[in-house]
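To start, the structure under review is shown below, and the notes come after it.
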Ligand code: ADP
Ligand code: MG
């Protein structure tokens with residue numbers, strides 16, 4: 001099986017006038033299609049820095065990233081934007097919804113940047129809202145009228161509207177009480193059953209324990225849970241037929 005996410009020996013160094021901050025150290029991690037992986041570790045350990053790289057919002061200072069077999073370093077900015085839009089749905093701790101728009105308008109937003117015809121956009125949003133089980137009578141409510149748990153489910157619906165194979169969620173339950181957080185976790189489990197690959201970042205070990213695999217990161221180093229496939233180097237566009245021998249370390 002070819003991992004959908006495969007990062008090898010990644011470093012991230014931030015440079016500023018104050019000096020260099022070496023935040024990620026030799027991070028290697030692979031995620032197989034359909035897996036639900038939690039990345040856990042204390043605050044400041046580099047989880048969001050890693051997530052930004054996984055989501056192609058940031059690039060490694062050194063090391064490789066293969067996203068669905070594509071070498072991210074070889075993509076130009078337009079290709080990267082397209083790959084990101086088609087491959088990845090993002091969910092954040094603070095929901096990042098537009099409060100003055102309605103639920104369904106928020107969910108349709110990502111489609112404005114695609115070639116999905118206008119006539120199909122609403123239907124896509126309806127499917128996404130059904131997937132997160134938000135009641136129909138809430139769909140025309142403004143975001144500001146919703147509870148936190150409902151807001152996060154709208155954010156998940158927005159992440160789903162392009163039907164990406166991968167969902168990246170950075171502390172999605174961080175602003176929710178534990179009962180509401182549990183409902184949001186149920187939504188992620190449902191999405192996994194529908195075939196999505198989920199990478200969820202959390203500092204909460206209880207939440208991390210719900211995933212198939214928990215990867216622990218401390219001071220920018222992976223301590224536990226990385227799965228590194230021993231595969232031949234993949235070539236752009238010619239990756240599907242490659243044999244792969246996997247081993248857990
Ligand atoms: P976590 O998500 O695990 O709490 P982060 O990845 O947000 O941790 O941050 C890890 C470390 O990297 C922190 O010390 C943070 O200050 C630092 N950091 C994050 N982004 C930058 C940046 N753009 N420039 C400099 N330092 C950064
Ligand atoms: Mg963070």
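Of note:
- Helical mean residue ellipticity (222 nm; -39500 (n - 2.57) per DSSP H run of 4+; nearest 500) of the chain: -8500 deg cm²/dmol
- Most fluctuating residue given options 148, 44, 220, as computed from a GNM of the chain linking Cα atoms under 10 Å: 44
- In degrees, nearest ten, helix 77-87 long axis to first principal axis of the chain (Cα): 60
- With contacts taken as Cα pairs under 8 Å and at least 6 residues apart, the range 58-161 reaches a relative contact order of 35 percent.
- Peptides 27-34, 11-18, ordered by how many other C-beta atoms sit within 10 Å of their residues on average, highest first, read 27-34, 11-18.
- Both radii are taken from the alpha-carbon atoms of the range 44-101; with Rh as the Kirkwood radius, Rg/Rh is 1.02.
- Between helix 118-131 and the chain: long-axis angle, C-alpha atoms, 0 to 90°, nearest 10: 80
- In units of the compact-protein estimate 2.2 N^0.38 Å, the range 11-137 shows a Cα radius of gyration of 1.27.
- Using a cutoff of 8 angstrom between alpha carbon atoms and counting only pairs six or more residues apart, the relative contact order for the chain works out to 29 percent.
- Inter-site label distance for residue 137 and residue 94 at 7 Å from Cα along Cβ, in nm: 3.3
- The slack between residue 147 and residue 175, meaning 0.36 nm per residue of separation minus the straight C-alpha distance, is 9.0 nm.
- Considering only 157, 21, 85, the Gaussian network model of the chain with Cα springs below 10 Å gives its largest mean-square fluctuation to 21.
- Mean Cβ count within 10 Å, highest first, over the residues of peptides 137-146, 188-197, 46-55: 46-55, 188-197, 137-146
- Axis angle, to the nearest 10 degrees, between helix 148-160 and the longest C-alpha principal axis of the chain: 70 degrees.
- Rg ratio (alpha-carbon, reference 2.2 N^0.38 Å) - the chain: 1.01
- Label-to-label distance, nm, for residues given as residue 16 and residue 163 (7 Å Cα→Cβ offset): 4.3
- Modelled spin-label separation between residue 218 and residue 204, with each label point placed 7 Å from Cα along the Cα-to-Cβ direction: 2.3 nm.
Computed from the coordinates by the stated procedures, all read-outs in this text should not be read as laboratory data. Source: prediction; values computed, not measured. Positions of Cβ are backbone-derived with ideal geometry, glycine not excepted, and every protein chain shown enters the neighbour counts.
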